[in-house]
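No lab work stands behind these numbers, since they all come straight from the coordinates. Because the structure is predicted, anything quoted here is derived from the model rather than measured. Please note: Cβ atoms are built from the backbone with ideal geometry, for glycine as well, and neighbour counts cover all protein chains shown.
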Amino acid sequence: MDRFMLILRMFHILLGVFWAGTIFFLVFFLGPSIWALGPDGAPVMRELVRRRFLDVMPIVAGLTIVTGLVLYWHLSGGLAMGWIRSPFGLSLTVGGVASILALIIGVTGVRAATLGAIRMTAALASASEEERGPMQAEIQRLRQRSAAAGLWVARLLIIAVATMAVARYM
């Protein structure tokens with residue numbers, strides 16, 4: 001393997017570990033803890049947003065996918081169907097597709113719903129008493145949407161990590 005591919009593979013694995021590990025921690029531990037705190041969890045979410053967590057994660061995921069696509073292109077000899085249909089190729093293909101779906105759901109589900117809930121929570125302070133009930137119901141709906149989407153992202157990343165980890169042995 002040439003030096004460029006070695007470095008690219010290293011970056012792909014490091015980015016993927018960061019992406020998957022962060023999502024697993026968020027979905028299974030941090031998110032449920034924040035939601036269990038109700039309004040007291042809002043400062044944690046605001047701090048994550050201030051630190052640009054919801055902007056950084058899609059970039060990390062995107063870089064993971066881009067480096068993976070370059071590796072895939074190289075390994076497949078320019079998308080040779082014989083290689084893609086091999087057990088090794090199929091395993092990497094399934095993992096790659098799962099990763100791409102995870103990114104899409106992460107951005108359109110988790111990120112969008114979380115940002116919506118944060119905006120509505122901020123607007124809640126200046127809302128009239130009449131508006132608060134429907135706004136709180138919408139915040140709860142957005143939180144549930146974010147949590148459900150996050151669980152799908154975690155499941156897809158489990159598939160991606162597992163298929164890529166065993167691909168060489170297929």
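Structure notes:
- In the chain, the longest principal axis of the Cα atoms and the axis of helix 3-25 are about 30 degrees apart.
- Percent of alpha-carbon pairs separated by more than 19 Å within region 93-170: 49 percent
- Relative contact order of the chain, taken over Cα pairs closer than 8 Å and 6 or more residues apart, is 30 percent.
- GluC sites (Glu not before Pro) restricted to region 78-166 and DSSP loop, no more than 14 other C-beta within 10 Å: none
- Relative to the dominant Cα principal axis of the chain, helix 53-75 is inclined by about 10°.
- A Förster distance of 35 Å, applied to the separation of the beta-carbon atoms of LEU79 and THR108, puts the FRET efficiency at 0.85.
- The distance linking region 103-170 with region 16-46 is 11 Å (Cα centroid to Cα centroid, whole angstrom).
- Size of the chain from its Cα atoms: along the principal axes, largest to smallest, the extents are 64, 27, 24 Å.
- Computed from Cα positions, the angle between helix 112-124 and the longest principal axis of the chain comes to roughly 20 degrees.
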